[in-house]
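Data first, discussion second: the structure below is written as structure tokens.
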Amino acid sequence: MSKIEIRNLTVDYTEKKKSFTALSDVSFSIEEGEFVSIIGSSGCGKSTLLSILEGINTPTQGEILIDGEPIRGTGTDRGVVFQHYSLFPWMTARKNVAFGVKQVNKKASRAERLKIADEFLDKVGLGQFKNKYPSQLSGGMQQRVAIARALAMDTDVLLMDEPFGAIDAKNRTILQELLLELWEGDGTAARKTVVFVTHDIDEAILLSDKIVMMTANPGRVYQEIRVPFERPRNRGELVQTPQYNKFRNRLLSMFYSDIADKIGGEEVVL
């Protein structure tokens, strides 16, 4: 049994008396401990799909199962990092992270929660800012706090909606490496199952076991692609190989063939 089963998912919306379909008959599975990235052009329903996985929206048809059970609302079995940072403005960075820990570990003492918060803020490079409020942090720093909170919750499933989009290139690279380090672990614990939405093809290749390419209007699964590179992956070495460039160009062809098709161009033959 797969960790996550997405079965015949269709999502319809009505806006200003006009109906449209965001997702149409989407089906794929994610194995336990697998890192899966979802990519595609705007309007392909990536964020809609993640909202169903979060439990904040419901499908028109179909279902999503986690460990064989249908999703029925939000749950503490899923950690979430939204596209835009979502911190409590009246809490310091430290207390924001500790609050997340409390949601999944009610038995932990306040001191234990704060210790875990300090540990993960250090890991995202914000230890010295732990007593700052969100209004005192830049947008990128706020997102790093949100990432620290999700990682500190230590859930089996981690849902990430373009979590590094608002972060500068240097810290984006650092956080990508940190995410991989925490996900891969030391081999003594099971890996988390990660669903990662991104527009960045290089990011998807670096992080993922599998990439789900989607087409738009309505959103459908175009192809599931297994990333062929062994782990651990050295970014600097990998991007210089012919195999990487060939694989990257294949993904780019898929991505732009969808866009070309939508504007009347010829589809790229792969």
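The values are calculated or read from the model by the stated rules, or taken from the named source; none is laboratory data. What you are looking at is a predicted structure, and each value in this text was computed from that prediction instead of being measured. All Cβ positions, glycine included, derive from the backbone under ideal geometry; neighbour counts span all protein chains shown. Protein only, heavy atoms only, side chains kept; ligands, DNA and RNA dropped before computing areas. Shrake-Rupley method; radii C 1.70, N 1.55, O 1.52, S 1.80 Å.
If you find the alpha carbon centre of the stretch 131-191 and of the stretch 192-251, how far apart are they in angstrom?
Each part reduced to its Cα centre gives a spacing of 19 Å.
Quick one: work out the % antiparallel among DSSP beta bridges in the chain, nearest 5.
Details: 22 of 41 bridges.
Restricted to the chain, the bridges split so that about 55 percent are antiparallel.
Counting other Cβ atoms within 10 Å of each Cβ, which trypsin sites (Lys or Arg not before Pro) in the stretch 1-48 have at most 16 and sit in a DSSP loop?
Those satisfying the criteria are Lys16, Lys17.
State, to one decimal in nm², a quarter of the convex hull surface area for the C-alpha atoms of the chain, i.e. the direction-averaged projected area. Intermediate values should be presented prior to the final figure.
On the way: hull surface 65.0 nm².
Answer in nm², one decimal: 16.2.
Quick one: what are the phi-derived ³J(HN,Hα) couplings along the stretch 44-54, Karplus 6.51/-1.76/1.60 with θ = phi - 60°, whole Hz, x for glycine and proline?
3J(HN,Hα) across the stretch 44-54, in whole Hz: 8, x, 4, 5, 4, 4, 5, 5, 5, 4, 5.
Summing -39500 (n - 2.57) over the DSSP H runs of n ≥ 4 in the chain and dividing by its residue number, what mean residue ellipticity at 222 nm do you reach, to the nearest 500 deg cm²/dmol?
It lands at -11000 deg cm²/dmol.
Probe radius 1.4 Å, ligands and nucleic acids ignored: give me the carbon and sulfur share of the accessible area of the stretch 1-73 as a rounded percent.
43 percent
Just order 70-81, 133-144 by mean Cβ neighbour count inside 10 Å, highest at the front, would you?
133-144, 70-81
What ratio of Cα Rg to 2.2 N^0.38 Å holds for the stretch 1-121?
Relative to the rule-of-thumb radius for its length, the stretch 1-121 sits at 1.28.
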